[in-house]
Amino acid sequence: MKIFMRQPTLLNFCLFVAFVGISGCGSQTINAMSSQRLSPAESLTNATISQQTNLTKQATPAVSAQAPAALKKVKVFFPKNIRTSQDFTYVEPVFRTTSSASVAQFAIEQLIAGPTSQEKARGLSDPIEFKGTSNCGKNFTLSITNGTAKLKFCKSVISGGTGDDARQKSSINNTLKQFPTINSVIILDRNGNCLSDQSGENTCFKKAEKLTTESGLSIDGLGSVKINMTVAQASSVAGTQIVPSRQNPNRVCDYYKPANGPEGVTFMVTQGRIATVEVETNKITTVHGIKVDDTESTIKSAYPGQIQVSRLPNSEKGKAWVVQPSSFANKDFRLVFVSPNGETVNRMIAGKVPEVNYAEGCLDVRPG
């Protein structure tokens, strides 16, 4: 018996095989097509196959290389050794580049990593050093809510005193506040307390009240800035940096002022803490309404039964009207109105004893 296959059938079979991707009948198909005229039905079948093949090619998406993530420049602020011996809050920016979407997180990571060797040669220094182990598995956590960044360290942060505290906070604040989504910063230690806040009051959680001419002078401070605060704490609650105002030869005592005003306000700082605040402008009043240029009678009316009058040293006419505390909690504080002519006030001083009584300010402070 002879086994045979008609050429059209063979042709259709090979076309089907070619369509599904098998290429074994090429020469037979060519021979069959050259030696046999296709029927109309077979021509339609071949046309349909060709159209389907073209549609399949058109439907296959082109493969393209994925575009690289955009690089961003981020500033990181480091203290500078030459300047920070005089101004603890002075910092300078350097640039770092990242493709990360978490730019604030990246910036703090770079702050902790510290300056490069070239940057250190320019006088920039590490603001943050750790000791001990982490209680969260990393160096820190960072969250941003309603414009407030909350940075919590998970390791103990090393500090050598007031200068280190100010440098750390200035570096962190400037680094985070470069981002438009951050208006204020809360810095916490590994236990969730305000970093370097030794007052026990966690002042960093208190809303900053920017010092203005509307800030009232009281027996224990000016506005939100209270006697016994560190400079860093005062800067935090005042909404402005408290910076050195003038040099003093006595290194245990310095004068500071609010960087952005109001004018006529000076803080005397002893052993790293605010001892007195002095006001020499009539644009600021006490919480009882007394201001520079007021008279003795006005003062006594505002503080009935609390005024003690004393003579200014080395002055024939000069007087000081001293407000005695009305509560036991303020027993170590005084509010003093100074009058060189004995008639009108030219300075108001609030502070703790004994510094508030020093006629020469820092010159009267004794080391030790």
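Taking 22 Å as R0, compute the FRET efficiency from the Cβ-Cβ separation of residue 316 and residue 287 and round it to 0.05.
Efficiency, from the Cβ-Cβ distance: 0.10.
For the pair residue 213/residue 156, report the inter-label distance in nm, with labels modelled 7 Å from Cα in the Cβ direction.
Placing both labels 7 Å along Cα→Cβ, they lie 4.9 nm apart.
What fraction, in whole percent, of alpha-carbon pairs in segment 168-211 exceed 13 Å separation? Show your work: numbers first, answer last.
Numbers: 562 of 946 pairs.
In whole percent, the long-distance tail amounts to 59.
Compute log10 of I(q)/I(0) for segment 217-364 with the Debye formula, placing one identical point scatterer on every Cα and leaving out solvent, at q = 0.11 Å⁻¹, to two decimals.
Values, matching the q order: -0.38.
To the nearest 20 debye, what is the magnitude of the charge dipole of segment 72-196 about its Cα centre, counting +1 on the Cβ of each Lys and Arg and -1 on the Cβ of each Asp and Glu?
Dipole size: approximately 280 debye.
Round to a whole angstrom and tell me the spacing of the C-alpha centers of segment 311-368 and segment 151-179.
Distance between centres, Cα-based: 35 Å.
If only Cα atoms are counted, what is the Rg of segment 72-196, and what is its Dmax, in Å?
13.8, 39
Return the loop-located GluC sites (Glu not before Pro) in segment 246-333 (DSSP other than H, G, I, E, B) with at most 16 other Cβ atoms within 10 Å of their own Cβ; answer none if there are none.
263, 280, 316
Per 0.36 nm of contour for each residue apart, how much would the distance between residue 102 and residue 118 grow if the chain were fully extended, relative to their Cα-Cα spacing? Let's see the in-between values first.
Details: separation 16, 0.36 × 16 = 5.76 nm, distance 2.62 nm.
Value of the extension gain: 3.1 nm.
Rank 151, 163, 125 by how far each Cα sits towards the positive end of the charge dipole of segment 115-214 (+1 on Lys, Arg Cβ; -1 on Asp, Glu Cβ) and give me just the farthest.
Among 151, 163, 125, the one farthest towards the positive end of the dipole of segment 115-214 is 151.
How big is the charge dipole of segment 197-296 about its Cα centre, in debye rounded to the nearest 20, if each Lys and Arg gets +1 on its Cβ and each Asp and Glu gets -1 on its Cβ?
Dipole size: approximately 380 debye.
Where a number appears in this text, it was derived from the coordinates with a stated rule and is not lab data. This structure is a prediction, so every number in the text was calculated from the model and none was measured. Neighbour counts are summed over all protein chains in view; Cβ atoms, including those assigned to glycine, are modelled from backbone coordinates with ideal geometry.
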